[in-house]
Amino acid sequence: MSGRKKLCGKAWVFGDILDVDFDIYPIEETRGQPKTDEDYGKLCMTNIDSEFPNKVNKGDFIVAGENMGYGHDHESASLAIKGCGVAAVICESTNRNFFRNSVHLGLPVIECEGIKKKVKEGDKLEIDLALGTIKNISSNEEMKFAPYPDFLLEIIDAGGLYPLIRKKLAEGELPLYARVHGF
């Protein structure tokens with residue numbers, strides 16, 4: 001594994017029950033299908049903070065409350081978060097579809113009970129996905145979460161599931177079945 005196990009950035013704190021099609025990525029505002037991750041990122045969280053895509057820096061974190069990624073099974077919310085440069089989402093709880101879509105795209109989502117009480121907007125955080133730790137550098141407090149297993153770290157490290165499959169195919173690591181079916 002390379003450098004994706006440890007992440008460091010600033011916290012952007014949001015509330016509970018963030019809907020994938022309204023709060024995270026305002027689908028009703030899209031005119032035509034976005035073409036790139038960056039196009040998705042231009043609308044990330046704009047219904048809550050219209051300037052968020054302009055303020056967030058590559059490597060920062062979204063910190064949220066309960067039920068992050070509520071709603072439909074659309075990957076546009078995960079694409080928007082990744083597209084504006086956010087390195088990971090840390091929340092009290094998440095919707096399983098949002099978790100799956102995010103990891104599939106190479107975006108870690110971490111559930112950490114009590115995170116909103118221990119992190120303020122602007123705090124500098126350091127996350128170790130393999131050890132399952134979040135260190136708030138600003139307050140010198142450390143929190144624990146369920147560490148990512150090796151197979152998920154491998155997906156995150158590759159930038160998503162499809163890049164990982166393409167890499168493994170090129171290296172001859174996948175069975176013939178996968179090669180025949182166009183992965």
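Derivation of every value follows stated rules applied to the coordinates shown; laboratory data play no part. This structure is a prediction, so every number in the text was calculated from the model and none was measured. Positions of Cβ are generated from backbone atoms using ideal geometry, with glycine treated the same way; all protein chains shown enter the neighbour counts.
Restricting attention to the stretch 32-63, which residues are among the aromatic types (F, W, Y) and over 18 Å from E121 (Cβ atoms)?
Passing the criteria: only Y40.
Do we find that A88 is hydrophobic (A, V, I, L, M, F, W, C), in contact (Cβ under 8 Å) with a residue 60 or more places away in the chain and within 17 Å of Y25 (Cα to Cα) in this structure?
yes
Do we have I17 as of a type in the set (A, V, I, L, M, F, W, C), surrounded by fewer than 17 Cβ atoms within 10 Å (Cβ to Cβ) and more than 24 Å from Y148 (Cα to Cα) here?
No: the conditions fail for I17.
Hand me the list of helices (runs of 4 or more DSSP H) wholly inside the stretch 49-148 holding 1 or more residues that are in contact with a His (Cβ under 9 Å, 6 or more places away or on another chain).
Filter on the stretch 49-148 gives 76-83, 96-104.
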